[in-house]
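Each reported figure results from applying straightforward, stated rules to the coordinates on display, with no laboratory input. Being a predicted model, the structure only gives us computed values, none of them experimental. Please note: Cβ atoms are built from the backbone with ideal geometry, for glycine as well, and neighbour counts cover all protein chains shown.
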Amino acid sequence: MNPQRQNDLSIVVATAAELSSQQRQEIIDLCTAAYNEEFTFFFAALPNSMHVLGYQAGLLVSHAAWVMRWLQPAGMHALRTAYVEAVATDPAHQGKGYATAVMRHLAGQVDDYDLAGLSPSDPAFYARCGWELWRGPLAIRTDNGLLETPNEQVMILRLPRTPSLDLDAALSAEWRAGELW
């Protein structure tokens with residue numbers, strides 16, 4: 001956990017296992033405030049997550065995490081994907097560029113993946129950060145075949161190892177408990 005500075009943020013990258021109980025609670029509190037929903041489940045649901053923490057004057061003001069998932073465009077092999085979760089900024093600190101700084105830092109941390117993906121709560125924000133909306137149909141791979149998810153949205157970020165992609169093709173991800181995308 002070596003802190004780096006961006007803007008007036010001190011940015012720390014850590015595995016879930018490296019986070020102290022205080023940091024875990026700060027992340028839960030931040031996400032709960034930003035999303036106005038309970039996040040106590042977060043670490044149990046994503047135990048192997050990586051975290052980008054943005055501190056301003058010692059206070060956690062912004063956060064993003066990623067987990068490894070396998071996204072598969074139609075007609076292609078599954079791509080090792082850094083799937084981004086829980087992008088959040090303290091409501092009192094929104095509009096200051098902290099989430100943008102955290103997302104840019106995250107993008108620099110996932111170069112060894114084939115792709116980055118997320119389910120956007122604010123597509124315009126992610127588009128400004130270079131993410132692209134997947135336009136094709138979405139589905140989840142289950143033991144019983146594909147479960148279509150027509151009401152979901154996914155955005156991707158092309159990385160150095162990303163192959164040529166047709167964003168109008170179908171895209172699937174492996175099944176997981178909780179939020180499918």
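Can you pull out the residues in the range 10-25 that are assigned to a strand (DSSP E or B) and within 19 Å of the chain's Cα centre (by Cα)?
Let us first name the residues in the range 10-25 that are assigned to a strand (DSSP E or B), namely 10-15.
Residues satisfying the conditions are Ile11, Val12, Val13, Ala14, Thr15.
Identify the residue in the range 109-134 that is part of a loop (DSSP other than H, G, I, E, B) and small (Gly, Ala, Ser) and, among all such residues, is farthest from Gln153 (Cα to Cα).
We begin by selecting, within the range 109-134, every residue part of a loop (DSSP other than H, G, I, E, B); these are 110-114, 119-122, 129-131, 134.
Keeping just the survivors that are small (Gly, Ala, Ser) gives 119, 121, 130.
Working: Ser119: 6, Ser121: 9, Gly130: 16 Å.
Applying the filter and picking the extreme gives Gly130.
What do you reckon, is Asp90 crowded, with 16+ Cβ neighbours inside 10 Å, within 21 Å of Val52 (Cα to Cα) and acidic (Asp, Glu)?
Values: crowded, with 16+ Cβ neighbours inside 10 Å: yes; within 21 Å of Val52 (Cα to Cα): yes; acidic (Asp, Glu): yes.
Here the answer is yes, as Asp90 does meet what is asked.
Among the residues of the range 98-140, how many are closer than 23 Å to Ala169 by Cβ, of a type in the set (D, E, K, R) and surrounded by fewer than 16 Cβ atoms within 10 Å (Cβ to Cβ)?
Number of matching residues: 2.
Read through the list (1) closer than 17 Å to Gln109 by Cα; (2) in contact (Cβ under 8 Å) with a residue 40 or more places away in the chain, then give the number of the only condition that His51 fails.
Condition (2) is where His51 drops out.
Give me the pairs: first residue in the range 71-86 and closer than 21 Å to Leu46 by Cα, second residue basic (Lys, Arg), beta-carbon distance under 7 Å, and six or more apart or on different chains, which are they?
Thr81/Arg69; Tyr83/Arg69
Identify, please: which residue in the range 77-87 is among the small types (Gly, Ala, Ser) and at negative phi and is, among those, surrounded by the most Cβ atoms within 10 Å (Cβ to Cβ)? First the steps, then the outcome.
Pass one, the range 77-87, residues among the small types (Gly, Ala, Ser): 78, 82, 86.
Checking the rest, the ones that are also at negative phi come to 78, 82.
On the way: Ala78: 15, Ala82: 24.
Checking each candidate, the answer is Ala82.
For the range 155-181, which positions are assigned to a loop (DSSP other than H, G, I, E, B), out of contact with any Gly (no Cβ under 6 Å at 6 or more places or on another chain) and surrounded by 12 or more Cβ atoms within 10 Å (Cβ to Cβ)? Full working, then the answer.
Within the range 155-181, the first condition is being assigned to a loop (DSSP other than H, G, I, E, B), and the residues that meet it are 159-170, 175-181.
Checking the rest, the ones that are also out of contact with any Gly (no Cβ under 6 Å at 6 or more places or on another chain) come to 159-167, 175-181.
Within the range 155-181, Leu159, Arg161, Thr162, Leu165, Asp166, Leu167, Trp175, Arg176, Leu180, Trp181 qualify.
Which residue out of Tyr113, Tyr98 is aromatic (Phe, Trp, Tyr), under 24 Å from Glu37 (Cα atoms) and touching a strand residue (DSSP E or B) at 6+ places or on another chain (Cβ under 6 Å)?
Values: Tyr113 fails: under 24 Å from Glu37 (Cα atoms).
Of Tyr113, Tyr98, the one residue that is aromatic (Phe, Trp, Tyr), under 24 Å from Glu37 (Cα atoms) and touching a strand residue (DSSP E or B) at 6+ places or on another chain (Cβ under 6 Å) is Tyr98.
In the range 55-64, what residues are buried (at least 21 other Cβ atoms within 10 Å of the Cβ) and in contact (Cβ under 8 Å) with a residue 40 or more places away in the chain?
Val61, Ser62, Ala64
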